[in-house]
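Here the structure comes first, spelled out in structure tokens, and everything after it is commentary.
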Amino acid sequence: MPGTPRTSANSSPARPRFGLLAATTAALTAAALSGQFMGVGQAGGHIDAPSAVLDSPADLTDVYAFTSPDDTDMVTLIANVRPFQVPGTAANALVDFPFATGARYEIHTDADGDGASDTTYRWTFRDEDRRPFGVGPKVGPLPVNSLDDRSLGVRQKYTLEKIDADGAGRTLLKDAIASPTHTGRTLMPDYGKLRRQATRQLPGGGRTVATQAAEAFKADTQVFGLYTVGTSGPVPGWLPDAQPLSALNVNSLILQVPKKEIALKGDPERNPVVGVWASVSRQGADLERSLAKQAPTFRQVSRQGTPHIAFALFGSTVGLARPGGPEDRFQARLPKDDHLESDFLAATLDPVPPHRIEKAQGRTAPATPRRDIQALFMKGIGKDNGSTFGLDLNTHTMNADADPERIVLAEQLRLNLSTPVTAGPKSQGVLDGDLQGFPNGRRLNDNIDGPLIRMLEGEPAGPSAAGLLPRPVLSLQPADAQATFPYLNLPHAGP
């Protein structure tokens, strides 16, 4: 994938066959889900808050935003949800990982820096049950060679809307069909064909697909211990940098639109910076009023922009976080309200992991308040906003038509649409001189944990913290992304 770093020699094995992945999943799960010294189950930021455990279909795992390497006038936005999907086989064909019906899956962009969505893309799913009397397996008994085959007994259809800042909506797609859960090569011999059929062109340019996909999240599992207890283990490097996610699947909403569609005043040259985040909302109701007279209301239950924010600010993950705590409140909050949450603001100025690393390893934590970390999550990289990179890269103040008085502190994944696609991308992004990489948006092959820990430890102004990241004894990561839309690899599947 041009403009996307290939996995380094240290973390780039050939893609193992399914059998090998399946055989290693259990062992790798023990490494990544238990973790030395962690004492609790955790999952590398794929469960960012206690509330996420209770609602897997709404659990946002990752958000990606990058200039499309195969069409640089376009930007690609991806939201992954519903983690930890085991590969389908004919033997477990009853396993199904649909999108939640009735929920609102949304990708938002903020062009003027006020923390509110200026453009929202909203997917709403429903099931179409074509089985006789609505009973029996959803797939089979004959192979599914087309989304129209009757052997695909239940299809998911969705409506895609585009909502402007004033709330005006426009339907882009109606009754589009999602690519289904892969139930194995016997029942779905050509999943790529199904995904191609599910890919839809959008009015005004662009395309989208809702699909199951192979997990793309490249994570350094050794870093998880640095976030939570301050050390990667008793003997650096003893833990394998291998994660079970490389053998599992997620659901993906992949959207490619013209840059001018999300840039302020439609001008990505004058206004190149956008903030991006995703959310999922569930239907609710006011029980103090008659339900018969109420229109459906929606409550946000999940949110994600910058990856691993609970790890990086609170040093927490599920099992370490208390229900209703700052992690859950973040999930339910809109970015425009982030500056009103005192606990969250305090954490951006004094994040937990550096103190844990100091206690465990004696490396002195950078002095507080951490204006650089607050800028990283809530302002973007700018010359004069607390960031220590020394350049204007992706702060909303760079937008010529943005009103500085309206710009607020808000957590978002910020992307400069005018940054050229990198010819020689580096997996650790901006920190290693690759301006198109994380945290200037996020490409599919970016590794975000190393840069986050290094920035938490004071880079780029302070001494290098690369020594905290031990060379693993074994490395197994998701396969690199593809070069063209929809970029994500086909889901893992067995016979």
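The values are calculated or read from the model by the stated rules, or taken from the named source; none is laboratory data. None of these values were measured; they are calculated from a predicted model. Quick reminder, even Gly has a Cβ in these numbers, built from the backbone with ideal geometry, and neighbours come from all protein chains shown. For the accessible areas, the whole protein counts, side chains as well, though only heavy atoms, and no ligand, DNA or RNA atoms are used. Shrake-Rupley method; radii C 1.70, N 1.55, O 1.52, S 1.80 Å.
Given +1 at the Cβ of Lys and Arg, -1 at the Cβ of Asp and Glu and no other charges, the dipole of the chain around its Cα centre is 1320 debye to the nearest 20.
Remark on D59: its backbone amide H falls under 5 Å from those of R82, a criterion applied only to residues 5 or more positions apart or on other chains, H modelled at 1.01 Å from N. Measuring only protein heavy atoms, the 1.4 Å probe finds H108 accessible over about 20 Å².
Within the same chain, lysines fewer than 8 places from K260 are excluded, and of the rest, those with a Cα less than 18 Å from its Cα are K162. Between the listed residues A219, L147, P69, the Cα displaced farthest toward the positive end of the dipole of the chain, a dipole computed from Cβ unit charges relative to the Cα centre, is found at L147.
Under a straight-distance cross-link criterion of Cα-Cα below 21 Å, which lysines are reachable from K426, leaving out those fewer than 8 residues away in the same chain? List returned: K218. Solvent exposure of the chain, expressed per residue, is 38 Å² of accessible area, with all protein chains present and a 1.4 angstrom probe. Under the convention that each Lys and Arg Cβ holds +1 and each Asp and Glu Cβ holds -1, the size of the dipole of segment 254-367 around its Cα centre is about 240 debye. When the solvent-accessible area of the chain is split by element, carbon and sulfur atoms take up 54 percent of it, the probe being 1.4 Å. Projecting the Cα atoms of A295, G275, N385 onto the charge dipole of the chain, computed from C-beta unit charges around the Cα centre, puts A295 farthest toward the positive end. Note that segment 254-324 shows a convex hull volume over its alpha carbon atoms of 187 Å³ per residue.
Using the Cα coordinates of segment 306-347, the gyration tensor eigenvalues translate into equivalent-ellipsoid semi-axes of 16, 11, 10 Å, sorted from longest to shortest.
Projecting the Cα atoms of F485, I78, M188 onto the charge dipole of the chain, computed from C-beta unit charges around the Cα centre, puts M188 farthest toward the positive end.
Loop-located GluC sites (Glu not before Pro) in segment 275-358 (DSSP state other than H, G, I, E, B) with a sparse environment of at most 13 neighbouring Cβ atoms within 10 Å: E288.
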